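*Asks:* Quick one: the structure is below, and I'll ask about it shortly.
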Amino acid sequence: MAKTVIHRDLDILFGDEDLLQIAPQRSFPELVFELLSERKPSPQEKKLFELILNLSIDHGPNTPSTKKVIEKAREGKTISESIAAGIEEINDIHGGAQEKLMELLYQIKMGSLKISELVEGYIKEGKRFPGFGHRIYKNKDPRAMLIIEKINDFGLSDEFVKLVSEFKDKIDSSLNMTLPLNIDGAIAVALCTLGWSPDLGKIVFIIARVPGLCGQYLNTVAS
């Protein structure tokens, strides 16, 4: 479930609150947080969520979603058509790997999955580790590092930070190489820290990335 706007007679309600009254008092990220989680964020949670949105807003013209937006813009498609095409490129590999990693982290926490067996299984089957590795950042993703750092700085639980660190250490030692935690992986850790459901992972990324896709569209049609 999500907290959405409803109309009751002439009132516009966000959940059970008057949207016209709360809109001047809360930031857009706060309302998004509350809409998705059905609860208000603490000051520390608000900072972490804003950081996720800020770091995910755009990543240049060469990401799969942006490439598709630029392609459609050059074909003369409208901004709505182009952005929709870009969003369709957000999947388990691009922008959505956090969903699978969140599932794994929750299972590890509950004791239903052991890190060593998980890593061995992925390597044996030749599967991609969700939330790890990046085509540009070969050793470390600075965006991911900042999210992990701020989870600690904001005084939030480090339980999932420790779990993903153990996971990464096992991956690196098993592969005999460094496979960095990427921004999808760091978002997974952050959303687990917030106690959110894995199926919100892509949603958060889409909300964050749409403004960047709009900017890339505008640049394309103006060039």
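All of the numbers you see were taken from the coordinates with simple rules; none came from a lab. All values reported here derive from a predicted model rather than from experimental measurement. Don't worry about glycine lacking a Cβ; one is built from the backbone with ideal geometry, like all the others, and counts go over all protein chains shown.
*Asks:* Round to a whole angstrom and tell me the spacing of the C-alpha centers of segment 160-210 and segment 10-51.
*Replies:* 25
*Asks:* May I pose another question? Counting other beta carbons within 10 Å of each Cβ, put 209, 39 in order, fewest first.
*Replies:* 39, 209
*Asks:* Which distance in nm do the two modelled labels at residue 74 and residue 123 give, with both placed 7 Å along the Cα-to-Cβ direction?
*Replies:* Placing both labels 7 Å beyond Cα along the Cβ direction yields 4.2 nm.
*Asks:* Here's a follow-up. Would you kindly calculate the translational diffusion coefficient of the chain, applying Stokes-Einstein with the Kirkwood radius from alpha carbon pairs, for 4 °C and a viscosity of 1.567 mPa s, and quote it in µm² s⁻¹ without decimals? All intermediate terms of the calculation are to be shown ahead of the outcome.
*Replies:* Values: Rh = 18.8 Å.
The Stokes-Einstein estimate is 69 µm²/s.
*Asks:* Taking 31 Å as the cut-off for C-alpha to C-alpha distance, list the pairs among 3/72; 109/202; 3/150; 3/47 that go past it.
*Replies:* 3/72
*Asks:* Taking the mean number of other Cβ atoms within 10 Å as a proxy for protection, how do you rank 193-202, 95-104 from highest to lowest? Write out the running numbers ahead of the final one.
*Replies:* Numbers: 193-202: 18.1, 95-104: 23.7.
So the order, starting with the most tightly packed, is 95-104, 193-202.
*Asks:* Right, next: Which value, in debye to the nearest 20, describes the size of the charge dipole of segment 1-155 about its Cα centre when Lys and Arg Cβ atoms bear +1, Asp and Glu Cβ atoms bear -1, and nothing else is charged?
*Replies:* Charge dipole, segment 1-155, about its Cα centre: 720 debye, nearest 20.
*Asks:* Students often forget the sequence filter, so: which aspartates and glutamates lie under 20 Å Cα-Cα from residue 168 once same-chain residues fewer than 8 apart are removed?
*Replies:* 92, 99, 103, 117, 120, 125, 141, 149, 158, 159, 184
*Asks:* If I take every Cα pair under 8 Å that is 6 or more residues apart in segment 43-223, average their sequence separation and divide by the length, what percent do I get for the relative contact order?
*Replies:* Relative contact order here is 38 percent.
*Asks:* While we're on this one: Quick one: what does P(r) look like for segment 1-40 with 10 Å bins over all Cα pairs, in whole %?
*Replies:* 32, 57, 11
*Asks:* What percent does the relative contact order of segment 1-40 come to when contacts are Cα pairs within less than 8 Å and at least six residues apart? Before the final figure, lay out the partial values.
*Replies:* Values: 35 pairs, mean separation 17.1, N = 40.
Dividing the mean separation by the residue count of segment 1-40 yields 43 percent.
*Asks:* If you don't mind, another one. Suppose every Lys and Arg Cβ carries +1 and every Asp and Glu Cβ carries -1, with no other charges. What dipole size does segment 1-40 come out with about its Cα centre, to the nearest 20 debye?
*Replies:* 160
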